[in-house]
Amino acid sequence: MKKTDSSFGIIIYKIENGIMEYLFLKRSGGWLDFPKGHMEDKETEIQAALRETREETGVELHDTDLDPEYEYILDYVFTFNGVKIFKKVKMFLAKISSKTLIKVSNEHTGYVWLDYDNSYNNLKFQNQKNMLKNVNAHLNSVGK
């Protein structure tokens with residue numbers, strides 16, 4: 001048996017003392033992840049990403065906060081309870097103030113801000129590393 005699944009989220013970054021840092025949520029399984037989740041009834045992809053980010057981080061963003069030149073689609077397959085799941089994750093990008101408070105939901109055990117090198121070295125999955133490389137190249141190309 002196989003199933004398809006989609007999630008939507010936002011890669012959040014800030015500039016702290018001249019250094020770009022990415023926000024990661026800590027999962028109970030021990031790995032880091034970006035805020036993301038499933039679409040609810042009648043939501044658009046962007047609305048789902050904004051809501052999930054708010055629910056998981058406490059950060060209130062609006063569609064005008066998203067980088068209009070960036071989105072990334074991550075495809076992967078995993079097995080859950082004997083069912084093969086084909087997952088598609090669409091990620092958007094937003095910069096927040098270094099003063100923004102993060103309030104993590106009970107879905108996660110905490111959060112961490114990491115620069116690119118520490119992010120890359122602490123990510124568990126290669127597809128996350130590929131996404132990080134992509135977003136970092138985008139931000140460097142546009143001088144953010």
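Reachable lysines from LYS88, Cα under 20 Å, same-chain residues fewer than 8 places away excluded? Within the straight-line limit of under 20 Å, LYS88 reaches these lysines: LYS2, LYS3, LYS36, LYS42, LYS124, LYS129, LYS133.
Helix 126-141 against the longest principal axis of the chain: what's the angle in degrees, Cα atoms only, rounded to the nearest 10? Its long axis makes an angle of about 30 degrees. Counting only residues at least eight positions apart within a chain, or on another chain, the lysines with an alpha carbon under 19 Å from that of LYS99 are LYS14, LYS144. According to the square roots a ≥ b ≥ c of the eigenvalues of the Cα gyration tensor, what is the shape class of the stretch 37-144, taking rounded for a/c under 1.5, prolate for a/b larger than b/c otherwise, and oblate for the remainder? Verdict is rounded for the stretch 37-144. Take every Cα pair under 8 Å whose residues are at least 6 apart in sequence, average their separation, divide by the length of the stretch 29-79, and the relative contact order is 25 percent.
If the only charges are +1 at each Lys and Arg Cβ and -1 at each Asp and Glu Cβ, what is the size of the charge dipole of the stretch 2-141 around the Cα centre, to the nearest 20 debye?
560
Pairs of Cα atoms under 8 Å, at least six residues apart: use those to get the relative contact order of the chain, whole percent. With pairs under 8 Å counted, the relative contact order is 32 percent. Modelled spin labels at ASN81 and TRP31, positioned 7 Å past Cα toward Cβ, are 2.0 nm from each other.
Given the rule -39500 (n - 2.57) for each run of at least 4 DSSP H residues, summed and divided by the residues of the chain, what is its mean residue ellipticity at 222 nm, to the nearest 500 deg cm²/dmol?
-8000 deg cm²/dmol
Remark: the stretch 44-53, residue by residue, has Karplus-estimated 3J(HN,Hα) of 7, 4, 5, 4, 5, 5, 5, 5, 4, 5 Hz, where x stands for each Gly or Pro and the curve is 6.51 cos²θ - 1.76 cosθ + 1.60 at θ = phi - 60°. Using 0.36 nm per residue and subtracting the Cα-Cα separation, the extra length available between ARG51 and LYS99 on full extension is 15.2 nm. Put the Cα centre of the stretch 1-34 next to the Cα centre of the stretch 48-75 and the gap is 11 Å. For the pair LYS2 and TYR70, label points projected 7 Å from Cα toward Cβ lie 3.2 nm apart.
Since every read-out is calculated from the coordinates, none of them should be taken as a lab result. Please read these numbers as outputs of a predicted model, since none were measured by experiment. For neighbour counting, all protein chains shown are included, and Cβ atoms are generated from backbone atoms with ideal geometry for every residue, glycine included.
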